[in-house]
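Rule-based calculations on the coordinates, nothing more; no lab input. Predicted model only: the values in this text are computed from it and were never measured. Cβ: placed from backbone, ideal geometry, glycine included. Neighbour counts: every protein chain shown.
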Amino acid sequence: MELYRVIDLSGADAVEFLQGQLTQDVARLDGAGRLLAAWCTAKGRVIVVARLVATENGIAMIIPADILDKVHKTLLMYRFRSKVEMTISEGNRSRLLAPGECDPLALIKAGIPQIDTRNTEVFTPHMLNLDKLDAISFTKGCYTGQEIVARTEHRGKSKRRMMRYIANHDGIEVGADVSDGERNIGSVVNVVGRDLLAVTPIDRHDQALRVGGARIEPQRLPYSL
């Protein structure tokens, strides 16, 4: 089963179109070759986190396979008269991703969130640490959800952010509540076995928490919050 699918975008307005939709400065692809980006609702909730890769014909937008139809159909609705073609790639495009970019456990250890049908439109980009992952431009101008994202940035701090944890047993699911023992304070974003990412209050990031009957212990992220 494919974990990821690709939407190929091409045409004279491809970059401009994505600039108005994604958190990333898509013009940077000319120099970077590949970038992380989020697509948000007008209320600043992340629909999907995508890997953008520059190709010979335009831009490849790599996303979790199970959210492909939702993303593709909704992007088409926003196209209007823009000169951009959006085609679902049917070939094997795994070569576009480095090994660490397509391994769910490696992504958890790297602190990179995956957003699919189970957790779409739940978190803001700052909750998912996307500002720390170079997935947000604060200078490029307007895009869908930009007002909420900019407001969070200018306030100086997000009270809840994503943290990596290891549980003491299996069985945790995406979307499960995280508890401090008295009340629910967070939510599981991704999980592979006993390794997980969860959005929790920053002031609890040094504490063990619970997901159902499991105890989860915080682990270091490879970047600073």
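Just a few scattered comments:
- Comparing Val71, Gly11, Leu35 along the charge dipole axis of the stretch 1-101, the residue lying farthest to the positive side is Val71, per the Cβ-charge model.
- Each 5 Å bin from 0 upward holds the following percent of the Cα-Cα pairs of the chain: 1, 7, 15, 19, 19, 16, 11, 7, 3, 1, 0.
- Among Cys102, Cys40, Cys142, the ranking by other beta carbons within 10 Å of each residue's beta carbon, starting with the fewest, stands as Cys142, Cys102, Cys40.
- Degrees, to the nearest 10: 146-155 long Cα axis against longest axis of the chain: 40
- Nearest 10 degrees, 0 to 90: helix 68-79 Cα axis against the chain principal axis: 50
- Residue exposure proxy: Tyr223, Tyr4, ordered by other Cβ atoms within 10 angstrom of their Cβ from fewest to most, comes out as Tyr223, Tyr4.
- Cβ-based exposure ranking for Arg51, Arg155, Arg81, in which fewest neighbours within 10 Å come first: Arg81, Arg155, Arg51
- Close lysine pairs were tallied over the chain: pairs 8 or more places apart or on different chains with Cα atoms under 20 Å apart number 10.
- Summed over qualifying helices (DSSP H, 4 residues or more, each -39500 (n - 2.57)) and divided by its residue number, the chain shows a 222 nm mean residue ellipticity of -5000 deg cm²/dmol.
- Prolate/oblate/rounded call for the stretch 12-100, Cα gyration tensor, a/c under 1.5 rounded: rounded
- Ranked by the mean number of other Cβ atoms within 10 Å of their residues, highest first, the peptides 27-34, 126-133 fall in the order 126-133, 27-34.
- Leading residue at positive end of dipole, the chain (Cβ point charges), from Met163, Val174, Met86: Met163
- Cα gyration tensor category, rounded, prolate or oblate, for the stretch 160-219 with a/c compared to 1.5: rounded
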